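This report concerns only the one structure given below.
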Amino acid sequence: MTVEARLNELGITLPQAAAPVASYVPVVVQGGMAHVSGQLPFVDGVLKTGRLGEDVDLDGGMEAARACGLMILAQLKAAGLLEKVERVVKLGAFVNSTGDFTDQPKVANGASDLMFEVFGEKGRHARAAVGVPVLPLGAAVEVDAVIAISE
Amino acid sequence: MTVEARLNELGITLPQAAAPVASYVPVVVQGGMAHVSGQLPFVDGVLKTGRLGEDVDLDGGMEAARACGLMILAQLKAAGLLEKVERVVKLGAFVNSTGDFTDQPKVANGASDLMFEVFGEKGRHARAAVGVPVLPLGAAVEVDAVIAISE
Amino acid sequence: MTVEARLNELGITLPQAAAPVASYVPVVVQGGMAHVSGQLPFVDGVLKTGRLGEDVDLDGGMEAARACGLMILAQLKAAGLLEKVERVVKLGAFVNSTGDFTDQPKVANGASDLMFEVFGEKGRHARAAVGVPVLPLGAAVEVDAVIAISE
């Protein structure tokens, strides 16, 4: 089954791949690895902003992380790489957090679970999830990725 | 000398490899590189929590970073990779810090020095060390790693 | 044209490659990739300290990020790799930020634009830019890098 077919089966429509907010590119492929820039959580074109522990709850955070994951998939598709994913290798999840919010792993699961849903075992990845005090444009979550690409 | 023998020589007992706090895996090997998920500082099964500049002093921070490093080694061992380490390539150290604590490099040395102790020259790595306002479960330090693995 | 010649053409003098603040190395090359440790913004030997949203303005932040980028180039040169850059693959930009400063991408452009100036298309990279509450020695910005190296 193609990844596109699997996305359809899951009822997932990918967002429009966001243009970089600044002077860099969304994806660089080198040595069989796609390095995907940190993606922000746009849902229907609107950025999910806010801070965990303040004005975003756990469900909202997980939804934001999932939106970051969808944007990673959208960037891979825009780069013609979506059907060539060999392994999701690493996700880096940055969660906009107050100093007393410590559930970054649960928030990041929004992106991690998506990768497993879409890619199955190939979607299992290493991960780092940390809190940050603020993110670009006030985003609630940012996620970057390293993805192995088949030749 | 095997790495296990060297650990014995140093009097180091590795902790039990911690299960991921969430839906990801501890280690992914791809293209000769092991990507190790961000590890938290469990000592005798108890997480070292707190914040540098607040309720954790420099020694406590270094000890926490070393505990993260030991957990990286424990994860490599659990994955059958400990004796195949060719080079410690990169460590990423995230230090739970108040806004006026600026000794993240010294804290991160707890993990860096461990890698040199255990692996010698092969343990010398690139590194980024930054402050963060909070970490999963309130951990004092989190460290992730990229490790080259011999075939 | 060599990279050195291009730097001359741009009127750029690289700083002295900074010694690591701690027990690690500035660059590790493995599998055709140079992993460059997080670099701090030294200008004429003086560290640019401060926090965006507090005592560093956007221009100062961009200048600091550019200084980090110059230090990345200086480290590559010191390692004998400057003329072997095949592609700037990924930059990680950590911006010392108050909780309401959200222009991390613009700040990080100080480093990103430099890479494009110096390397042209080979300088286009993936990137993650996040806010952090504090950085080593009070630095305003820290940037690390993954650089593909030709054999």
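The values are calculated or read from the model by the stated rules, or taken from the named source; none is laboratory data. None of the values given here were measured: they were computed from a predicted structure. Backbone-built Cβ (ideal geometry, glycine too); neighbour counts: all protein chains shown.
Every residue in the range C:33-85 that is of a type in the set (Val, Ile, Thr) and under 10 Å from the mean Cα position of the chain (by Cα), please.
Going through the range C:33-85, the residues of a type in the set (Val, Ile, Thr) turn out to be C:36, C:43, C:46, C:49, C:56, C:72, C:85.
Within the range C:33-85, C:Val36, C:Ile72 qualify.
Go through (1) in contact (Cβ under 8 Å) with a residue 40 or more places away in the chain; (2) among the hydrophobic types (A, V, I, L, M, F, W, C); (3) under 23 Å from C:Leu91 (Cα atoms); (4) touching a helix residue (DSSP H, G or I) at 6+ places or on another chain (Cβ under 7 Å) and name the single condition B:Ala129 misses.
Single failed check for B:Ala129: (1).
Please tell me if A:Ala22 is modelled with pLDDT under 95 and either assigned to a loop (DSSP other than H, G, I, E, B) or away from chain C (no Cβ under 14 Å) (or both).
Values: modelled with pLDDT under 95: yes; either assigned to a loop (DSSP other than H, G, I, E, B) or away from chain C (no Cβ under 14 Å) (or both): yes.
For A:Ala22, the condition - modelled with pLDDT under 95 and either assigned to a loop (DSSP other than H, G, I, E, B) or away from chain C (no Cβ under 14 Å) (or both) - is met.
Restricting attention to the range A:77-113, and to residues there that are assigned to a strand (DSSP E or B), among the hydrophobic types (A, V, I, L, M, F, W, C) and more than 18 Å from A:Ala139 (Cα to Cα), which single residue is farthest from the other protein chains (Cβ to nearest Cβ)? Please lay out each step first, then the result.
Kept after step one, since they are assigned to a strand (DSSP E or B), are these residues of the range A:77-113: A:85-97.
From what is left, the residues that are among the hydrophobic types (A, V, I, L, M, F, W, C) are A:85, A:88-89, A:91, A:93-95.
Add one more test, that the residue is more than 18 Å from A:Ala139 (Cα to Cα), and what stays is A:85, A:88-89.
Numbers: A:Val85: 12, A:Val88: 8, A:Val89: 5 Å.
Once the filter is applied, the top-ranked residue is A:Val85.
It is to be established whether one or more residues within the range A:50-62 are of a type in the set (A, V, I, L, M, F, W, C), within 14 Å of chain C (Cβ to nearest Cβ) and in contact with a Pro (Cβ under 6 Å, 6 or more places away or on another chain).
Within the range A:50-62, none of the residues are of a type in the set (A, V, I, L, M, F, W, C), within 14 Å of chain C (Cβ to nearest Cβ) and in contact with a Pro (Cβ under 6 Å, 6 or more places away or on another chain).
List the number of the failed condition for A:Gly45; all other conditions in (1) under 19 Å from A:Asp144 (Cβ atoms); (2) modelled with pLDDT under 95 hold.
With (1) under 19 Å from A:Asp144 (Cβ atoms); (2) modelled with pLDDT under 95 applied to A:Gly45, the lone miss is (1).
Taking B:Phe119 and the conditions (1) in contact (Cβ under 8 Å) with a residue 12 or more places away in the chain; (2) within 29 Å of A:Phe101 (Cβ to Cβ), which numbered condition does it fall short on, given that it satisfies the others?
B:Phe119 satisfies all of (1) in contact (Cβ under 8 Å) with a residue 12 or more places away in the chain; (2) within 29 Å of A:Phe101 (Cβ to Cβ) except (2).
For B:Glu142, only one of the following conditions fails: (1) under 20 Å from C:Glu142 (Cβ atoms); (2) part of a strand (DSSP E or B); (3) at the interface with chain C (Cβ under 8 Å from one of its Cβ atoms); (4) not β-branched (Val, Ile, Thr). What is its number?
(3)
What is the one condition in (1) in a loop (DSSP other than H, G, I, E, B); (2) modelled with pLDDT under 95 that C:Glu54 does not satisfy?
Unmet condition: (2).
Being more than 14 Å from every other protein chain (Cβ to nearest Cβ) and touching a residue at least 60 places away in the same chain (Cβ under 8 Å) is the filter here, so list the residues in the range A:1-19 that pass it.
Let us first name the residues in the range A:1-19 that are more than 14 Å from every other protein chain (Cβ to nearest Cβ), namely A:1-16.
A:Thr2, A:Val3, A:Glu4, A:Arg6, A:Leu7, A:Leu10, A:Ile12, A:Leu14 - these are the residues of the range A:1-19 that are more than 14 Å from every other protein chain (Cβ to nearest Cβ) and touching a residue at least 60 places away in the same chain (Cβ under 8 Å).
Among what's in the range A:49-97 and is in contact with a Gly (Cβ under 8 Å, 6 or more places away or on another chain) and of a type in the set (Val, Ile, Thr), pick the residue that is surrounded by the most Cβ atoms within 10 Å (Cβ to Cβ).
Of everything passing the filter in the range A:49-97, A:Val95 is surrounded by the most Cβ atoms within 10 Å (Cβ to Cβ).
Can you tell me which residue is nearest to A:Phe94 (Cα to Cα) among those in the range A:1-54 that are of a type in the set (Ser, Thr, Tyr) and in contact with a Ser or Thr (Cβ under 8 Å, 6 or more places away or on another chain)?
First pass over the range A:1-54, keeping only residues of a type in the set (Ser, Thr, Tyr): A:2, A:13, A:23-24, A:37, A:49.
After this cut, where a residue has to be in contact with a Ser or Thr (Cβ under 8 Å, 6 or more places away or on another chain) as well, the list is A:23-24.
Numbers: A:Ser23: 21, A:Tyr24: 19 Å.
Of everything passing the filter in the range A:1-54, A:Tyr24 is nearest to A:Phe94 (Cα to Cα).
Quick one: which of B:Thr2, B:Thr13 is farther than 26 Å from B:Gly60 by Cα and either at pLDDT 90 or above or hydroxyl-bearing (Ser, Thr, Tyr) (or both)?
B:Thr2
Starting from residues that are touching a Gly at 6+ places or on another chain (Cβ under 9 Å) and in a loop (DSSP other than H, G, I, E, B), keep the ones in the range C:30-40 and report whichever is surrounded by the most Cβ atoms within 10 Å (Cβ to Cβ). Write out each step before concluding.
First, pick out the residues of the range C:30-40 that are touching a Gly at 6+ places or on another chain (Cβ under 9 Å): C:30-33, C:38-39.
Pick out the ones that are also in a loop (DSSP other than H, G, I, E, B) and you get C:31-32.
Working: C:Gly31: 17, C:Gly32: 15.
The qualifying residue surrounded by the most Cβ atoms within 10 Å (Cβ to Cβ) is C:Gly31.
Looking at the range B:83-96, can you tell me whether even one residue there is touching a residue at least 12 places away in the same chain (Cβ under 8 Å), farther than 24 Å from C:Ser97 by Cα and in contact with a Cys (Cβ under 8 Å, 6 or more places away or on another chain)? Write out each step before concluding.
Of the range B:83-96, the ones touching a residue at least 12 places away in the same chain (Cβ under 8 Å) are B:83-96.
Then drop every residue that is not farther than 24 Å from C:Ser97 by Cα, which leaves B:83-90.
This time we only want the ones that are in contact with a Cys (Cβ under 8 Å, 6 or more places away or on another chain), so: none.
No, the range B:83-96 contains no residue that is touching a residue at least 12 places away in the same chain (Cβ under 8 Å), farther than 24 Å from C:Ser97 by Cα and in contact with a Cys (Cβ under 8 Å, 6 or more places away or on another chain).
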